[in-house]
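J.: Got a structure here, written out as C-alpha cells. Questions coming.
The values are calculated or read from the model by the stated rules, or taken from the named source; none is laboratory data. What you see is a predicted model; the values in this text were computed from it and never measured. Here Cβ is always computed from backbone atoms with ideal geometry, including for glycine, and neighbour counts include all displayed protein chains. We work out accessible area using only protein heavy atoms, side chains counted, and drop any ligands, DNA or RNA first. Shrake-Rupley method; radii C 1.70, N 1.55, O 1.52, S 1.80 Å.
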Amino acid sequence: MKGVIISQGKYGATQQYSNWLAEELQLPQLVPGKVDAAALTATDYVVIGSSVYVGKLVLSNWLKKHADLLQAKKAFLFIVCATPPYEAEKLEVIRQQNVPPELLNQCAVHFLHGRIIKKQLSWKDNFMLRIGAMLQKDPVAKKKMLQDFDGVRKENIIPLVKDIMLYNQEENTSVYTKGDRAFELVS
Ligand SMILES: Cc1cc2nc3c(=O)[nH]c(=O)nc-3n(C[C@H](O)[C@H](O)[C@H](O)COP(=O)(O)O)c2cc1C
C-alpha cells in the first residue's frame with residue numbers, strides 16, 4: 001500500500017508533526033503546490049496536514065481543488081491548531097467549515113495541538129492575534145489568546161499512527177509499520 005504525506009503550515013508545528021509521521025510510518029512527504037493529479041492517483045492513501053488561521057485551514061483551497069481525486073482514496077487529515085483537544089465543539093466547527101462535504105464521511109480527521117510563539121510570528125499574524133483577542137469577550141479566553149504556548153508533542157501523533165496502521169492491516173498489505181513502535185512513542 002502506497003501512502004504519502006502532504007502538509008503545509010506556517011511556523012513549523014505542522015512540519016514537525018509531518019516529520020514525525022514520515023519517520024514513524026516511513027512515508028514520503030510531498031509539497032502541496034507540487035502535487036499533481038498523476039501523483040495523487042498513484043497513491044493508495046493520503047495523509048494531509050494543515051494548520052488553522054482565523055478558522056481556515058492553510059490547505060483549505062487545496063483540499064477543495066483536489067476533493068474529487070481524494071474522494072476516490074482513503075484520506076487522513078491532521079489539523080494543527082491552538083484549540084485544545086478537549087474543546088470538542090470548537091474543533092467540530094473547524095472540521096465542518098474546512099473539510100469539503102464530499103470528504104466529510106471518508107476522511108479521518110485528527111486534531112493535534114499546535115503552538116504560538118509570538119516573537120516568531122509575522123507582523124500581520126501578531127496583529128490578527130491581537131484583533132482576535134480584542135473581539136473575545138471572555139476575559140480568561142482573551143488572556144489565553146495573548147499568551148505563548150507550545151503543545152507540540154510527539155505522543156500526540158499516536159492515535160493517528162494507530163489509525164493508519166489499522167487501515168493498512170485491514171487492507172491486508174505489507175506496509176512498513178515498524179512493529180509496535182508507535183505504541184511506545186515518547187515525547
Ligand atoms: C493569526 C493567527 C490565527 C490563528 N487562528 C486560529 C484559529 O482560528 N483556531 C485555532 O484553533 N488556532 C488558531 N491559530 C493557532 C495556529 O493554528 C497554531 O499556532 C498552529 O500551531 C500553527 O501551526 P503552523 O506553525 O504549522 O502554521 C492561529 C494562530 C495565529 C498566529
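J.: Could you please tell me which pairs satisfy a Cβ distance under 6 Å, a separation of 6+ or placement on different chains, a first residue in the stretch 46-66 that is over 19 Å from V161 (Cβ atoms) and of a type in the set (F, W, Y), and a second residue that is at pLDDT below 95 and open to solvent by 10 Å² or more (accessible area, probe 1.4 Å)?
T.: none
J.: Can you tell me which residue is most open to solvent (accessible area, probe 1.4 Å) among those in the stretch 9-28 that are touching a helix residue (DSSP H, G or I) at 6+ places or on another chain (Cβ under 9 Å) and over 16 Å from V152 (Cβ atoms)?
T.: Going residue by residue through the stretch 9-28, those that are touching a helix residue (DSSP H, G or I) at 6+ places or on another chain (Cβ under 9 Å) are 9-12, 16-17, 20-21, 24-25, 27-28.
Now narrow it down to the ones that are over 16 Å from V152 (Cβ atoms): 25, 27-28.
Values: L25: 8, L27: 18, P28: 68 Å².
Of everything passing the filter in the stretch 9-28, P28 is most open to solvent (accessible area, probe 1.4 Å).
J.: Quick one: would you say L77 is outside the structural domain of K142 (by TED's automatic domain parsing), under 22 Å from E171 (Cβ atoms) and either in contact (Cβ under 8 Å) with a residue 24 or more places away in the chain or surrounded by fewer than 20 Cβ atoms within 10 Å (Cβ to Cβ) (or both)?
T.: yes
J.: A follow-up question, please. Exactly one condition in (1) over 23 Å from Y17 (Cα atoms); (2) in the same structural domain as A67 (by TED's automatic domain parsing); (3) in a helix (DSSP H, G or I) is not met by E92; state its number.
T.: Evaluating E92 over (1) over 23 Å from Y17 (Cα atoms); (2) in the same structural domain as A67 (by TED's automatic domain parsing); (3) in a helix (DSSP H, G or I) leaves (1) as the failure.
J.: Okay, moving on. Do you know which residues across the stretch 128-147 are open to solvent by 80 Å² or more (accessible area, probe 1.4 Å) and among the charged types (D, E, K, R)?
T.: The answer is R130, K137, K143, K144.
J.: Do you know which residues across the stretch 142-167 are more than 30 Å from M1 (Cβ to Cβ) and among the aromatic types (F, W, Y)?
T.: Initially, the stretch 142-167 is screened for residues more than 30 Å from M1 (Cβ to Cβ), giving 142-151.
F149 - this is the single residue of the stretch 142-167 that is more than 30 Å from M1 (Cβ to Cβ) and among the aromatic types (F, W, Y).
J.: Using the structure shown, decide if Q120 is of a type outside the set (D, E, K, R), open to solvent by 50 Å² or more (accessible area, probe 1.4 Å), within 12 Å of the ligand (Cβ to nearest atom) and under 18 Å from Y53 (Cβ atoms). Quick ask: steps written out before the conclusion?
T.: On the way: of a type outside the set (D, E, K, R): yes; open to solvent by 50 Å² or more (accessible area, probe 1.4 Å): yes; within 12 Å of the ligand (Cβ to nearest atom): yes; under 18 Å from Y53 (Cβ atoms): yes.
Yes, satisfied.
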